[in-house]
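Here the structure is laid out as structure tokens; the discussion comes afterwards.
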Amino acid sequence: MTLTTRTKFLLLVYRMRAKPTAGRVAVWRNLRKIGAVYLQDSVCALPSTPALRRELEGVLERIASSGGHYYLLPLTSLPEDERQKLVDLFIEQASKHFGEIVENCEVNFVKEIEFERFRENFTYEEAEEIRMEFEKIVGWFERVKERAWFGAPNEEEARDWLKRCEVLLEEFEATVFERQGGPETDAFEAHLRVVEDGSNPTDVREQSA
């Protein structure tokens, strides 16, 4: 979902007990999960949309039930330069996450396939394990994209890396079939296509069943 220049923001200021720490950590994790950016400790901002307000309700309940308190303040009329500062923070956050995806593809996923090829571990079990890892990265990408409300300069780079990883995966699976004498690759081709058409891997499997 891409937001516009008319999008307004919410400012959340909260305070929680120092101990137990589980509540504070859970609130921090959930706020980051829904895409909030922190301006300082216990102060964060997020776009004011109906969907995000609904997601925020559970976090606010957790703060209150843990003995904390909060102020949820609408930022309705920010000067343009201050608004741009917030937008830049969201772009920076999304860019960081896309960068982590690129690094994971380049350093972990590609190296794993190279290693399995080196030791000629062409088994169905290994192919399925690598596929599951790829699907996790795809899911990660979709979650980041969903929260990249104002875009990110490296989103396309991350998407390109997913495409490279998909090609490497399909080539590895084809080699497994050749070595193991299995079926043609049609089943695997119906399995994915997640990068090109945006489908969830689980949805593709259900459709091809």
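Annotation: Cα Rg of region 1-122 relative to the compact-globule expectation 2.2 N^0.38 Å equals 1.40. With kT/(6 pi eta Rh) evaluated at 20 °C and eta = 1.002 mPa s, and Rh the Kirkwood radius from Cα pairs, region 53-126 diffuses with a coefficient of 124 µm²/s according to Stokes-Einstein. Here the simple spin-label model places points 7 Å from the Cα toward Cβ, and for Glu92 and Lys163 these points are separated by 3.1 nm. List the residues of region 8-33 whose backbone N lies under 17 Å from a point placed 7 Å from the Cα of Ala64 along the Cα-to-Cβ direction. Answer for region 8-33: 12-17, 27.
Stretched out straight at 0.36 nm per residue, the stretch from Lys111 to Thr175 would grow longer than its current Cα-Cα span by 21.3 nm. For Lys33, a cut-off of 24 angstrom between C-alpha atoms picks up these lysines, skipping any fewer than 8 places away in its own chain: Lys8, Lys19, Lys85, Lys96, Lys136, Lys145. Using the Cβ-Cβ distance between Val43 and Thr123 with R0 set to 45 Å, the FRET efficiency works out to roughly 0.30.
Evaluate Rg over Rh across region 1-72, taking Cα atoms for both radii and Kirkwood's formula for Rh. For region 1-72, the value is 0.98. Between Leu75 and Ile34, the contour length at 0.36 nm per residue exceeds the Cα-Cα span by 12.9 nm. Shown here are the Rg and Dmax of the Cα trace of region 49-96, at 14.0, 37 Å.
Each reported figure results from applying straightforward, stated rules to the coordinates on display, with no laboratory input. The shown structure was predicted, so the numbers you read here are calculated from the model rather than taken from an experiment. Cβ: placed from backbone, ideal geometry, glycine included. Neighbour counts: every protein chain shown.
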